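The values are calculated or read from the model by the stated rules, or taken from the named source; none is laboratory data. All values reported here derive from a predicted model rather than from experimental measurement. Don't worry about glycine lacking a Cβ; one is built from the backbone with ideal geometry, like all the others, and counts go over all protein chains shown. Note: accessible area is taken over every heavy atom of the protein model, side chains too, but ligands, DNA and RNA are not part of it. Shrake-Rupley method; radii C 1.70, N 1.55, O 1.52, S 1.80 Å.
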Amino acid sequence: MRNAVRLVDVLDRMEAGPIIEEEDFDMRLVPETMAELQAKYDISIPPDAPFVPDDDALADRLFEAGLEMAEAIGVLCTDTGRRMLWTRSEILDAIGIAPDHLTVGAFPDAHTEYKRLPEDTRRITIKGGPVGTPSPEHLYVAIQQSYAQEPLVDLMIDGSLETVYGREGRSHSPWEVLLSWHEMEMVLTAVQRAGRPGLGIGCTENSVSEIGELTVTAADRLGPHHWHHVAMISEFKTNYALMTKVAHIHKTGSILHSFYNTIYGGTAGGREGMAIAIVGGCILMQMAYMTTTHSVSPTHPFYGNTTSPDILRAIAPAQQALSRNTHLLNDVVITPVGGPGTKTLLYEVAAQSLLAVSSGAAALIGPRSAAGTEPGHVSGLEARFMAEVAHAAAGMSRAEANRLVAEMVARYKADLDQRPVGKRFDEVYDVVRVQPTEEWLGIYEEVKSELRELGLNLDSAAAHDCVGRSTTV
Amino acid sequence: MAEITEQLRAELSEALRQGDADKAEALTRQALDGGADPLEVIQGIIVPALTEVGQLFQEFKIFLPELMLAGEAAKRATAILEEAIAASGQASASLGTVVIGTVENDVHDIGKNIVSTLLSSHGFKVVDLGRDVAPSAFLDAALKEQADIVAMSSLMTTTRPSQRSTINLFKEVGEREKFKIIVGGGSVNQQWADEIGADGYAADAAAAVELCKSLIQVS
Ligand code: B12
């Protein structure tokens with residue numbers, strides 16, 4: 001990838017940048033820069049702001065704020081204690097050569113993700129899957145198959161495993177090697193069973209340290225056409241283990257997806273700080289990791305979700321800032337509090353899909369149901385629902401999306417602090433036939449009816465992709 | 001002991017709320033010079049001011065850096081007061097010492113930071129070992145600091161086994177009974193805490209403070 005030619009230069013900066021104490025970085029540099037830029041660029045997102053603003057000037061100011069943030073803060077490597085820094089023109093050069101589309105997966109299931117604009121009529125890419133949520137080993141293949149067999153899922157992202165060969169897994173040990181191999185083997189089985197052998201897989205979620213990634217990336221069965229994750233530690237930090245993954249993924253010619261979960265109320269601050277951090281964070285992941293796709297999952301510190309009203313109000317303008325001013329491929333992760341079998345989950349997923357699609361995200365990732373922490377509380381049906389709502393919203397105006405998001409938020413807001421984790425996979429799916437139960441299907445149909453009543457056209461030919469195609473096989 | 005003037009009370013509370021450690025330190029010395037009872041400064045000024053700050057954080061009226069700076073200011077003021085208390089031969093005002101950290105191989109430290117700050121703002125002495133903390137490091141710190149409580153955070157199913165290993169290490173070296181050991185973080189629940197033989201679990205930072213208070217009372 002042409003943006004990866006900077007690899008050695010990045011590693012040099014990691015060894016030679018200015019030294020800073022981590023505490024100083026966290027407690028002073030980050031919050032002070034955020035506050036300064038918020039004032040300088042007049043970024044204000046009041047508590048009653050629209051969920052999906054229609055304010056291009058705000059989006060563009062946010063972009064400038066995020067760009068300046070990236071330049072001012074850089075990325076701290078906690079192993080060398082140094083900041084990697086780039087000038088504004090270096091940043092603009094680098095994001096200029098980053099890819100604006102990307103093909104993932106292999107024939108006959110390869111899929112191309114494209115950059116989108118706010119209100120774009122192009123269909124968004126759907127990366128369905130439990131996004132790291134741990135699952136019981138005996139259910140793992142069926143769970144992954146439940147996503148892979150959804151035709152609207154363009155690419156898949158794995159869950160992690162609760163155990164390996166019935167043993168407790170352990171990061172940074174031989175167990176991590178076994179966990180990562182197990183994940184790879186079972187996911188490849190799942191896509192084969194679903195009839196989609198070339199489906200692009202986001203793997204390996206079990207690689208907590210660098211060990212898992214090193215052992216399976218480009219292993220004979222996991223070719224470079226799959227996609228690989230590297231986290232940036234919130235806020236704006238990395239370390240040798242993560243940079244080891246970066247170097248390895250680039251040297252094997254694999255696809256690097258980076259992610260960053262800014263925390264609401266954390267060192268970046270509230271709604272405005274989070275919005276600036278999303279923009280600046282994506283730019284910094286491009287700078288430090290030379291990544292092909294980026295995602296952010298701004299997280300609530302008490303509920304672990306992304307669907308709280310204040311968080312939605314930060315995601316939408318930040319996404320608009322990025323898609324109006326760059327061609328970076330930015331994905332939005334949906335992490336609801338609700339789990340399978342609850343209406344809450346579906347309302348949350350609808351709200352965030354509508355918001356992301358109309359704000360110009362390139363892809364939707366998830367849903368990471370039940371905040372991603374309840375073992376096995378995930379199922380493919382919610383990814384189908386996410387895709388259906390998203391495609392029905394292609395080309396939708398931000399004002400219309402805002403109206404629908406507000407309707408959805410009103411329906412789930414009271415449940416956010418209730419941990420409605422719903423049911424485990426084997427209680428909402430027949431695990432042998434890998435099909436949702438009548439009960440779970442009924443709930444899904446009910447919420448779709450509610451959305452139709454609110455005016456979302458889930459039944460148009462366009463929503464079903466009968467007219468025109470954005471992807472071909 | 002002399003009464004603390006209303007003005008000093010207000011100024012110190014404000015310095016703590018603003019996280020101005022230098023000012024809080026200076027005002028604390030001023031109070032002591034004026035003959036104030038150090039215990040009264042802790043109980044009557046620091047704890048209420050920090051409880052208020054903690055509440056503001058829970059309501060997102062302030063954010064983590066402000067919370068942590070206030071915690072830092074309170075720590076500095078409390079250290080001076082503790083010295084005075086020790087010099088006068090009184091019993092320590094601290095509710096107890098908590099050694100806290102995120103377990104080995106886990107970089108998720110935000111929840112741990114919040115718990116750590118809330119505990120110190122409620123009057124505990126907190127020794128924060130950071131993230132990626134090995135079982136032996138928990139043990140060494142617990143012994144060195146003569147901790148009352150050892151608190152471990154873990155966010156992943158693949159790192160939480162380290163909580164079990166840590167507890168087992170304390171047992172194997174015959175030190176388990178000296179400490180209360182508590183666990184928390186996204187991958188942990190009460191059932192897990194029971195299974196590994198921890199003394200307690202709490203789902204959020206406010207509950208963690210209550211848990212530590214109750215454990216100190218029974219011990
Ligand atoms: C933020 C986040 C990150 C950030 C962490 C930044 C940081 N500085 O901490 C980043 C982006 C770096 C990250 C990386 C990864 N993450 Co992560 N992450 C999260 C996320 C979204 C939120 C965690 C969080 O900070 N919540 C907010 C805080 C405030 O909540 P909390 O920690 O739970 O703390 C509260 C309570 O639990 C309690 N508490 C906390 N500690 C303690 C301690 C005691 C003693 C007590 C009593 C109470 C207590 O009080 C706190 C305040 O109320 C969770 C999902 C989720 N919804 O939880 C995934 C999650 C934990 N991550 C996960 C994974 C898989 C990873 C990666 C391995 C992904 C990858 N493939 O690279 C890497 C791991 C890197 C590593 N080496 O550790 C999985 C774990 C799955 C599993 N198997 O268990 C989760 C569950 C998400 C998922 N479904 O994929 N992640």
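Observations on the structure shown:
- Residue-normalised convex hull volume from the C-alpha trace of the stretch A:187-259: 83 Å³ per residue.
- Of the Cα atoms belonging to the protein assembly as shown, the radius of gyration and Dmax stand at 25.3, 85 Å.
- Sorting A:182-192, A:46-56, A:286-296 by average packing, meaning the other beta carbons within 10 Å per residue, from highest down gives A:286-296, A:182-192, A:46-56.
- Global geometry of the stretch A:57-172, whether rounded, prolate or oblate, following the gyration tensor of its Cα atoms and the 1.5 cut on a/c: oblate
- Panel note: the C-alpha atoms of the stretch A:324-368, placed on their principal axes, show extents of 38, 16, 11 Å (largest first).
- Solvent accessible area, Å² - residue A:1, 1.4 Å probe, full protein context: 110
- Kyte-Doolittle at least -0.5, axis length at least 24 Å by Cα - qualifying DSSP helices, chain B: B:64-87
- Choice from B:202, B:86, B:147 showing the highest fluctuation, given a GNM over chain B with Cα pairs closer than 10 Å: B:86
- Extension gain from residue A:192 to residue A:418, taking 0.36 nm per residue of separation minus the Cα-Cα distance: 77.6 nm
- Shown for chain A are the DSSP H helices of 24 Å or more along their axis, judged by Cα atoms, with a mean Kyte-Doolittle hydropathy of at least 0.5: A:271-289.
- When the P(r) is computed for chain B, the part past 30 Å accounts for 26% of the Cα-Cα pairs.
- Other protein chain C-beta atoms within 10 Å of residue C-beta, averaged over A:24-36: 2.
- Accessible surface for residue B:112 stands near 10 Å², nearest 10, in the context of the full protein assembly shown (1.4 Å probe).
- Distance from the stretch B:62-78 to the stretch B:166-219 (C-alpha centre basis), Å: 25
- Take each residue in A:166-175, count the other chain C-beta atoms within 10 Å of its C-beta, and the mean is 4.
- Estimated from the Cβ-Cβ distance and a Förster radius of 25 angstrom, the FRET efficiency linking residue B:51 and residue B:203 is about 0.80.
- For residue A:412, the shell of other residues with beta-carbons less than 15 Å away shows a net charge of -4, using +1 for Lys and Arg and -1 for Asp and Glu.
- For residue A:413, the lysines whose Cα falls under 18 Å of its own Cα, not counting residues fewer than eight places away in the same chain, are A:343.
- Cα gyration tensor category, rounded, prolate or oblate, for the stretch A:101-466 with a/c compared to 1.5: rounded
- Overall form of the stretch A:1-133 per C-alpha gyration tensor (a/c, 1.5; a/b vs b/c): oblate
- Alpha carbon convex hull of the stretch A:179-307, volume per residue in cubic angstrom: 116
- Residue order for A:237, B:61, A:115 - accessible surface, 1.4 angstrom probe, largest first: B:61, A:115, A:237
- Counting only protein chain heavy atoms and rolling a 1.4 Å probe, the accessible areas of A:60, A:220 rank, largest first, as A:220, A:60.
- Considering only B:71, B:184, B:111, the Gaussian network model of chain B with Cα springs below 10 Å gives its largest mean-square fluctuation to B:111.
- With all protein chains modelled, accessible area of residue B:143 [1.4 Å, Å²]: 70
- For residue A:446 and residue A:406, the FRET efficiency from 1/(1 + (r/R0)^6), where r spans their Cβ atoms and R0 equals 30 Å, is about 0.90.
- Proportion of all alpha-carbon pairs of the stretch B:97-215 beyond 26 Å (%): 6
- Two-site label geometry, residue A:56 and residue B:190: point separation in nm, points 7 Å out along Cα→Cβ: 5.6
- If the convex hull is drawn through the Cα atoms of the stretch B:6-88, its volume per residue in Å³: 75
- Helix-derived mean residue ellipticity, 222 nm - over chain A, DSSP H n ≥ 4, -39500 (n - 2.57), to 500: -13500 deg cm²/dmol
- Look at the alpha carbon pairs under 8 Å that are at least 6 residues apart: their mean separation over the length of chain A gives a relative contact order of 21 percent.
- Efficiency of FRET from Cβ geometry, residue B:29 and residue A:97, R₀ 60 Å, rounded to 0.05: 0.55
- Cα centroid separation - the stretch A:429-445 against the stretch A:332-405, whole Å: 19
- Its relative contact order, with pairs defined as Cα atoms under 8 Å and 6+ residues apart, puts the stretch B:97-215 at 28 percent.
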